Amino acid sequence: MLIDVLPDILKLSVAIQQIPAPTFFEEHRAEFIQKRFLEEKLVDVSIDDIGNVYGCYPGTGNMPPVVVSAHTDTVFPQSTDLKVSYDDTRVFGPGIGDNSLGVAGLFGLIWCLKQRATGQSGIRNQGCSDLPGDVWIVANVGEEGLGDLRGMRAVVDRFGSSPIAYIVLEGMALGQVYHRGLGVRRYRITARTLGGHSWVDYGRPSAIHELASLIEKLISIPIPEKPRTTLNVGIIHGGTSVNTIAPEASIELDLRSESTQTLSMLISRVEMLVNESNRSEVDISLDVIGDRPVGEISPDHPLIRLVKHSLEEVGIEPCLNIGSTDANIPLSRGLPAVCLGLTTGGGAHTANEYIRIKPLEQGIRQLISVVEGCLVTSSPVS
């Protein structure tokens, strides 16, 4: 019975959450997952050069595989207190929903597939399968922040167009169907000047003042409501002391749009303003630190119809949506892909992050239905 594995999924999600995994430092979590993949008797288990963990749940037929992935990294630094707490309906902890539960959901999928293949509850180590194609299980790095989806880029480089579909798991957002990839461009803009003493050298340009002036120009750019587009200065660095004319400072800028054309126009405007800000004794440079491509599949695509049907079967109204997720990469290459949530929750990217326990059963049922539906020859999704 599915309900038998739900406590194990929750328990495993906490065990994963307790292993710090900031972006670029996911190796300990990857080692833990690799060990668990081996214990589950997956085949062809490996870790690639950047830290993605792969394992195959083999099918018995010759159909193309399905790739199911979840990202291992979190937004929280190594020093974060990862204390977990509970109430009657929720589990609290930094990163528990984004994305420890998503990774634990990979194992929930394995367990449920084994149960269905054997017809017995609680069996974990039987490798038998009645699926007509393989299910590749992937725990990938680099989804958050400056990871820039590098883990998923490697996954899609490896499998290419051979899978029937790429199914990306997030711990939260149950009911959301991310079939459109939100375009994102990120910059680090750095100002450099001679600097000096705030009194003795007063009048020299300050890197901080120059960036403040540039920020004012950036936030004055007209941003359309439709297509939805955003501009955000998220980080400011720089300066030496309160009485020093800053010789160097930088900002990190995030640009997003539903429209490739609108994003391109915004990018051009930002780059023009940066170039115009350069002058004598002021050098302002611009470096791309993130580039998440746009892509989508039609709401009428068989994969999306399958996902909608699977959600409706468990009593959830599907909501087609756009987002910046690992699914951006296969979608941008014209490949069938979708990002799905496993339960609901809140407080993402904060110390008060939480997941709700009860909806997890619906989320896992949805996942099983989608994966098995992809591998039914009478309902191809490609």
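The values are calculated or read from the model by the stated rules, or taken from the named source; none is laboratory data. Here the structure is a predicted model, which means the values were calculated and not measured. Note: ideal-geometry Cβ built from the backbone for every residue, glycine included; neighbour counts use all protein chains shown. In case anyone asks, the SASA skips ligands and DNA or RNA and just uses the protein heavy atoms, side chains included. Shrake-Rupley method; radii C 1.70, N 1.55, O 1.52, S 1.80 Å.
Carbon and sulfur: what percent of the chain's accessible surface (1.4 Å probe)?
Details: 8460 of 16610 Å².
Result for the chain: 51 percent of the exposed heavy-atom area is carbon or sulfur.
How large is the direction-averaged shadow of the alpha-carbon convex hull of segment 261-309, in nm²? Write down the numbers at each step before the final one.
Details: hull surface 19.7 nm².
The Cα convex hull of segment 261-309, projected and averaged over all directions, gives 4.9 nm².
Return the single residue from LEU109, LEU335, LEU286 with maximal mean-square fluctuation; model: Gaussian network over the chain, springs between Cα atoms under 10 Å.
LEU286
As a test of understanding, state the convex hull volume per residue of segment 145-264 from its alpha carbons, in Å³.
Enclosed volume per residue, from the Cα hull, is 166 Å³.
For labels at SER280 and ARG116 in the simple 7 Å Cα→Cβ model, what's the distance in nm?
7.3 nm
Which entries in the list LYS226/LYS358; LYS11/LYS308; LYS35/LYS83; LYS83/LYS358; LYS11/LYS35 go over 27 Å, if you measure between the two C-alpha atoms of each? It would help to have the intermediate numbers written out before the result.
Details: LYS226/LYS358 36 Å; LYS11/LYS308 29 Å; LYS35/LYS83 24 Å; LYS83/LYS358 21 Å; LYS11/LYS35 16 Å.
As for pairs spanning more than 27 Å Cα to Cα, those are LYS226/LYS358; LYS11/LYS308.
Taking H placed 1.01 Å from N in the peptide plane, check which residues at least 5 places from SER324 or on another chain put their amide H under 5 Å from its amide H.
Those lying under 5 Å, H to H, from SER324 are LEU182.
Quick one: Karplus J couplings for segment 236-244, per residue in order, coefficients 6.51, -1.76, 1.60, θ = phi - 60°, nearest Hz, x for Gly and Pro?
Ordered by residue, 3J(HN,Hα) equals 10, 10, x, x, 10, 7, 5, 10, 10 Hz.
Given a 10 angstrom Cα cut-off, can you work out which residue in SER277, SER241, SER324 is the most mobile in a GNM of the chain?
SER241
Mind giving me the nanometre distance, one decimal, between the label points for HIS209 and THR60, set 7 Å out from Cα along Cα→Cβ?
With each label placed 7 Å out from Cα toward Cβ, I get 7.7 nm.
May I have the extent of the alpha carbons of the chain along their three principal axes, as whole Å values ordered from largest to smallest?
81, 42, 38
Suppose each label sits 7 Å from its Cα in the direction of the beta carbon; what would the ASN243-GLU317 distance come out to in nanometres?
For ASN243 paired with GLU317, the spin-label model returns 6.4 nm.
Heavy atoms only, 1.4 Å probe, whole protein assembly: order VAL338, VAL242 by accessible area, highest first.
VAL242, VAL338
Give the residues of segment 349-368 whose amide nitrogen is closer than 14 Å to a point set 7 Å from the Cα of ASN232 in the direction of its Cβ.
Flagged as within label range: 349-350.
Pulled fully out, how much extra length does the chain show between ASP287 and ASP157, if you take 0.36 nm times their separation in residues and subtract their Cα-Cα distance?
Answer, rounded to one decimal: 44.3 nm.
If you build the Cα gyration tensor of segment 290-382 and take the root of 5 times each eigenvalue, what three semi-axes come out, in whole angstrom, biggest first?
23, 20, 10
Where only protein heavy atoms count, and the probe is 1.4 Å, what is the accessible area per residue for the chain in Å²?
43 Å²
DSSP loop trypsin sites (Lys or Arg not before Pro) in segment 30-107 with at most 14 other Cβ atoms within 10 Å of their Cβ, which ones?
LYS83
Just flag the GluC sites (Glu not before Pro) in segment 279-316 sitting in loop per DSSP whose Cβ has no more than 13 other Cβ atoms within 10 Å.
Working: sites: GLU281, GLU296, GLU312, GLU313; in loops: GLU281.
Sparse-neighbourhood loop GluC sites (Glu not before Pro): GLU281.
Can you tell which of ILE33, ILE16, ILE316 shows the greatest fluctuation in a Gaussian network model of the chain with Cα springs below 10 Å?
Of ILE33, ILE16, ILE316, the most mobile in the Gaussian network model is ILE316.
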